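A quick write-up on the structure given underneath.
We did not get these values from a lab; they are worked out from the coordinates using the rules stated. Note that the structure is a prediction, hence the values are computed from the model and not measured. Backbone-built Cβ (ideal geometry, glycine too); neighbour counts: all protein chains shown.
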Amino acid sequence: MTGIILGLILIGGVAFFVMKKKGDTVMETPKTKEEVEVDTYKESINRLFTINLVARKNILEADVLKFLEDTIDGMRNVTEEITKFKNFGEQSVMFSRIGERYLPELIQGYINLSQTERETNSGKIITDLSVLKSEVSLIEASLSSSATQDFEKTGKLISAMFKKFEGDV
Amino acid sequence: MKNATKSTNGFKMDMARMFDILRGMKIVPLDQRHKLSLLKLKKGSFIQMGNNTLFIEDVYTYRDKKESWTEFKMVNVETLEVSFMEVEEDDSIIVTLTEKEVPMRKLPHTDDIEDMSEDEDGEIVVDSETYYYDDDYKAKFSREGSTKEEKVYFYDFKSDAGKLLTIEEWGNKEEGWEYQAFISSEIHESSVEILSL
């Protein structure tokens, strides 16, 4: 008799945990497309802020900061819209690469230089930042035309220009 | 989506403010920072404390008969969280960082606090830590850029661990009194790095 009672308690316990686990699973609702877009947008803007913060804390040269911040502001203007175009071709991939790779690497590389090396290289970083800013401006112009076809076309152009840029870096 | 939009708008406003604050930072070269004194901090300065980059949003001065000290209202540039730091020049520079505000409901009645100050004795327990009567005094408060002065009365209590419970009494008899209480602790001057003045 005791064995039966213990058995029932054991089965009840297992059933409780299985149900609880099932309930927990049901609670985790997958994120909607809009929520994912919002998360991506926030991540991108936060990343740009971090790049700007690191630069402000480490770079004294006003002209370098100006070119960097112009580029960052250009990106801030289109980040929300470009997030919605995430699945619309390689220009959005390129845009992500600027924020996630090119800009941080460029800035960190410059920060790592000695003061003398910075003086020699400030012209180069400004040129590189200008290239990035032009790309962002092109993307911004394409987005404002709201024609996906044109957007795709520009993407190909940017892609070609980036191959050149990657070669420089 | 309505909620997502709402939260995105709040995020956008916060980020715009954070970028605005950041763009005011004009960094002092690393090799010159050690020459700077915390007494030189002013509205618009930036400091680094641990991993936190803080912007001095406002500066308050307190003066009593014998001395004066400065309080800085600071905004964390990455979180927009507000905190306060006091700097006072004695034989050395004393830096006190406010840890948190204590709700008045957690403290004894203000009449009892006044009794403690009259007796120059008494203790208050906050979050299991005992603070013993240390001092009470009045001061005049002013903001940077303003000539207007307000009267404030302080009741200081100290814990064995060196933490400070400060109860501030603002206002007057006619319009009524307002109280605020804070826990703070002293930090070493060297733990604050001036990034931008």
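Some notes on this structure:
- Cross-link partners of B:LYS65 among aspartates and glutamates (Cα-Cα below 14 Å; sequence separation of 8 or more within a chain): B:ASP136
- At most 15 other Cβ within 10 Å, DSSP loop - trypsin sites (Lys or Arg not before Pro), segment B:115-184: B:LYS148, B:LYS173
- For segment B:35-142, GluC sites (Glu not before Pro) meeting the loop criterion (DSSP other than H, G, I, E, B) and having at most 14 other Cβ atoms within 10 Å: B:GLU67, B:GLU81, B:GLU120.
- With contacts taken as Cα pairs under 8 Å and at least 6 residues apart, chain B reaches a relative contact order of 23 percent.
- J(HN,Hα) series, segment A:109-126, from Karplus relation 6.51 cos²θ - 1.76 cosθ + 1.60, nearest Hz, glycine and proline x: x, 5, 4, 5, 6, 6, 4, 5, 5, 4, 4, 6, 9, 4, x, 5, 5, 5
- Cross-linked pairs B:LYS43/B:LYS100; A:LYS31/B:LYS12; A:LYS42/A:LYS84; B:LYS106/B:LYS163; B:LYS100/B:LYS158; A:LYS66/B:LYS40: Cα-Cα separations exceed 19 Å for B:LYS43/B:LYS100; A:LYS31/B:LYS12; A:LYS66/B:LYS40.
- Against the main long axis of the alpha-carbon atoms of chain B, helix B:110-119 sits at an angle near 60°.
- Space enclosed by the convex hull of the alpha-carbon atoms of segment B:40-197, per residue, Å³: 142
- Neighbour-limited loop hits for trypsin sites (Lys or Arg not before Pro), segment B:56-109 (at most 15 other Cβ within 10 Å; DSSP other than H, G, I, E, B): B:LYS65, B:LYS66
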